[in-house]
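The values are calculated or read from the model by the stated rules, or taken from the named source; none is laboratory data. Bear in mind the structure is a predicted one, so any value in this text is a computation, not a measurement. Neighbour counts run over all protein chains shown; Cβ positions are idealised from the backbone, glycine included.
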Amino acid sequence: MPKQPPVSRYGSGRRICWADPHALQNLCLLTMEDRRTGSRKRTGLPPYIYSDVIAPFLQFNSPMPGQLYAIGGRCNISQEPLNTVEMFDTWHGRWIQCPPMQERRAGCGASCLPGGSILVAGGYDERGIISGVLDSCEIFDPAKQEWRMGKARLQKARWGHGCAFLAGRVFCVGGCTPDDSSLEDHMETLRNCESYDPRTEKWHSFPALRIARAGARVVAVDERHLAAVGGCEDVFGHAQMLDTVELVNVHQGSWVLLNSQLRVPRTTAAVAALDDNFVFVMGGAPALCSAELFSVFGKSPNEGRDIDTRHVVSLTEGRMGCQAACLHLPSPGKTFPVCDRQCVLVVGGEDGTDDEPERITRQFATVLVYDVADWRWSKEGRVPDLPTPRTAMSLCVAPGLVDGTTRALWQFKKTMGKRSMRSLDSNSLRLKPNKNMDPVQTLAGFACPRWLANLSNCSAKPIGVLSRRSIF
């Protein structure tokens, strides 16, 4: 018996992960049924249709969209920056360890690029927030499961900046950087902004903020506008926390200070855009419990959708240095991978108890989930705890490799037998493979409903999982 080729989680060789644990079995049963009764009932399909046309639709051989990455940050044990990367697998509802970054980074920014890669920019390493400020960038390829250093460096090394993707570019906004003055260990809070063009892999200058801010969260609210929410002005001076929000049209390039303000000044908060107007803001320094709904364009809460600011409740526990992202999770009564409910996930952060010198600041592993449909916090455990508790990390929604039932395709061919494969070789048949053939139409047009019913009695899904929302 030939040995099965080794399977690598990080994609060093070809691997085949089935979307459903019974997909391979079902394909084998259908093929054998075709050989046994195809001449009497209908025209049977040759095995290569199942193995070469249908099987690829039932496999996780490329990154799946809508995965959540927790990147870098600072851990609770050593209080040093991390190169750790963990991905929340929204198909199975679990965290997966990803390849580590080439450099340790805390206070970095991350964004998904058009091709599905992830860009991580800036931050600081184990040398600290003054000597270790980084201008380097790294790019993660989720298909190859590899990190590489970016060709271009930031024009200004920085940490604590906001980062977002919009209109084909990545924007880095504000943050802290070493001062150009002769004073040692002096840091400047930035108004400076930069934009990254993935096509040329170069950073370009972008109009500066109205107010210097670090710890601000930057989100895309529609196809043209970015919002910089909160932050801290003059971090190493009077350190004034901000309740202001700035808005920019990236096509026009001029920041505007909005008249409306946050109810509470906050920095390093968890911020997520719910739609093209409303931004959900939670927590922030100094370990706030409060949450609020902010209208970027001044629309009333009930204009355009059923939103009521009275339903925005506070966090169960104050935290700062956290991040937030919008993600679809299973509705009540459903399980992964049926993700049909918009939620806001609050990940990481710390409790800010550094006022007590004898106590180490506690960093969070729990993931808080706010159900946008119900306008309430879900019970703990809806999303598993982050494997590595941390703060000052980046959060990014991007494609990622999902582990299915790892079975090589050669097992399918071996199950059918060499003689049967030769006797039904595609060269001896008129029916040729068609890359554009829809596997659902193929099975529906050629497979007898009686056989599909028999397969369903084996607790198997004959056509695997093709779409989370269309077939469940």
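Being farther than 16 Å from L209 by Cα, assigned by TED's automatic domain parsing to the domain that holds L190, free of Cβ contacts under 8 Å to residues at least 60 places away in the same chain and assigned to a strand (DSSP E or B) holds for only one residue in V271, V264, V279, V256, and it is V271. Filtering region 105-137 to residues that are surrounded by fewer than 24 Cβ atoms within 10 Å (Cβ to Cβ) and not hydrophobic (A, V, I, L, M, F, W, C) leaves P114, G115, G116, S117, D125, E126, R127, G128, S131, G132, D135, S136. Applying the criterion of being part of a loop (DSSP other than H, G, I, E, B) and aliphatic (A, V, I, L, M) to the residues of region 236-253, the residue that is farthest from D276 (Cα to Cα) is A239.
Within region 224-235, being part of a loop (DSSP other than H, G, I, E, B) and at pLDDT 95 or above holds for R224, G230, G231.
For the structure I just gave you, tell me whether S205 is out of contact with any Asp or Glu (no Cβ under 6 Å at 6 or more places or on another chain), surrounded by 20 or more Cβ atoms within 10 Å (Cβ to Cβ) and assigned to a strand (DSSP E or B).
Working: out of contact with any Asp or Glu (no Cβ under 6 Å at 6 or more places or on another chain): yes; surrounded by 20 or more Cβ atoms within 10 Å (Cβ to Cβ): no; assigned to a strand (DSSP E or B): yes.
In short, no.
Have a look at M32, M64 and point out the one that is farther than 30 Å from G352 by Cβ, more than 30 Å from the chain's Cα centre (by Cα) and modelled with pLDDT of 80 or more.
Working: M64 fails: more than 30 Å from the chain's Cα centre (by Cα).
Of M32, M64, the one residue that is farther than 30 Å from G352 by Cβ, more than 30 Å from the chain's Cα centre (by Cα) and modelled with pLDDT of 80 or more is M32.
Listed by position, the strands (runs of 3 or more DSSP E) enclosed by region 91-151 that each have at least 1 residues that are under 13 Å from the mean Cα position of the chain (by Cα) are 94-98, 109-112, 118-121, 137-141. Checked across region 215-235, the condition of being touching a His at 6+ places or on another chain (Cβ under 8 Å), hydrophobic (A, V, I, L, M, F, W, C) and surrounded by fewer than 22 Cβ atoms within 10 Å (Cβ to Cβ) holds for no residue.
So, R359, is that one more than 22 Å from V229 (Cα to Cα), at pLDDT below 90, of a type in the set (K, R) and surrounded by fewer than 18 Cβ atoms within 10 Å (Cβ to Cβ) or not?
On the way: more than 22 Å from V229 (Cα to Cα): yes; at pLDDT below 90: yes; of a type in the set (K, R): yes; surrounded by fewer than 18 Cβ atoms within 10 Å (Cβ to Cβ): yes.
Considered against the rule, which asks whether it is more than 22 Å from V229 (Cα to Cα), at pLDDT below 90, of a type in the set (K, R) and surrounded by fewer than 18 Cβ atoms within 10 Å (Cβ to Cβ), R359 comes out as yes.
Of the listed requirements (1) at pLDDT 95 or above; (2) over 15 Å from L166 (Cα atoms), H238 misses just one: (1).
The number of residues in region 254-295 that are within 24 Å of the chain's Cα centre (by Cα) and closer than 22 Å to E223 by Cβ comes to 13. Number of residues in region 50-93 that are assigned by TED's automatic domain parsing to the domain that holds G123, out of contact with any Lys or Arg (no Cβ under 8 Å at 6 or more places or on another chain), touching a residue at least 40 places away in the same chain (Cβ under 8 Å) and of a type in the set (V, I, T): the value is 2.
Considering only residues in region 193-202 that are free of Cβ contacts under 8 Å to residues at least 40 places away in the same chain and assigned to a loop (DSSP other than H, G, I, E, B), the one that is farthest from T177 (Cα to Cα) turns out to be R199. Taking the condition surrounded by 16 or more Cβ atoms within 10 Å (Cβ to Cβ) and either of a type in the set (S, T, N, Q) or at pLDDT below 90 (or both), does T335 pass? It is false that T335 is surrounded by 16 or more Cβ atoms within 10 Å (Cβ to Cβ) and either of a type in the set (S, T, N, Q) or at pLDDT below 90 (or both).
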